[in-house]
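K.L.:
Below: one structure in structure tokens.
Quick note: the coordinates plus some simple rules give every number you see, no bench work behind them. Keep in mind it's a predicted model, so treat the numbers as computed, not measured. Methodologically, a virtual Cβ is constructed for each residue, glycine included, from the backbone with ideal geometry; neighbour enumeration extends over all protein chains shown.
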């Protein structure tokens, strides 16, 4: 008997107005021949922890960790502004938008999730958490010149989408298709003041 599994991650979902502004930014940055895979604006989110394939039966345990992590952290505000690339402007692999605002609360939430999930057997993050929203990933076949061109475009651009209130965290299902990943919420946990 096979155990049903879902590819999943924990994230902060974005309000529609922010997603709309991110979509407008993508339209400004896209060039017709770029070998970038642009994330659909409605799919952009702030990933707090990628879980990989988990059994459906473990969803209640993961949700419990989310509820524990969110308890005692009041809703907080984040600003969506600034553009950047990983790893650098000459060898672009990822194009991202930055976040500012109440980052201490965000970091505390992410650390609590990472710690709680470790008790369920999920490996703690090896790299420091960097709050960002992924706009695009360069395809493997992108040439050095294409990577540098998009790096220059991003370096010359500025962006601000405004602020939003973070009031919950969501366990998301990621279904891979030929058109890209489709995300749907499996569970959520509200941030609550003690």
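K.L.:
Say R0 is 41 Å: what FRET efficiency, to the nearest 0.05, do residue 7 and residue 152 get from their beta-carbon distance?
P.N.:
Values: r = 34 Å, r/R0 = 0.84.
Between residue 7 and residue 152 the formula returns 0.75.
K.L.:
Is the C-alpha gyration tensor of region 1-115 telling us rounded, prolate or oblate? Criteria: a/c under 1.5 is rounded; beyond that, a/b larger than b/c is prolate, otherwise oblate.
P.N.:
On the way: a/c = 2.17, a/b = 1.42, b/c = 1.53.
Judged from the Cα gyration tensor, region 1-115 comes out oblate (a/c at least 1.5, b/c at or above a/b).
K.L.:
Could you list 44, 3 in order of exposure, starting from the residue whose Cβ has the fewest other Cβ atoms within 10 Å?
P.N.:
Numbers: 44 22, 3 9.
Taking fewest neighbouring Cβ atoms as first place, the list is 3, 44.
K.L.:
Taking 30 Å as R0, compute the FRET efficiency from the Cβ-Cβ separation of residue 120 and residue 17 and round it to 0.05.
P.N.:
On the way: r = 35 Å, r/R0 = 1.16.
With R0 = 30 Å, the Cβ-Cβ based efficiency is 0.30.
K.L.:
Testing the spin-label approximation: label points 7 Å from Cα along Cα→Cβ at residue 63 and residue 186. State their distance in nm.
P.N.:
Simple spin-label model gives 1.1 nm for this pair.
K.L.:
Run the simple label-point estimate for residue 111 and residue 139 please: 7 Å along Cα→C-beta, distance reported in nm.
P.N.:
My value for the distance between the label points is 4.2 nm.
K.L.:
What number, rounded to the nearest 500 deg cm²/dmol, is the helix-based mean residue ellipticity at 222 nm of the chain, given -39500 (n - 2.57) per DSSP H run of at least four residues and division by all its residues? Intermediate values should be presented prior to the final figure.
P.N.:
Details: 4 runs with 55 residues, N = 194.
The helix-only estimate for the chain comes to -9000 deg cm²/dmol at 222 nm.
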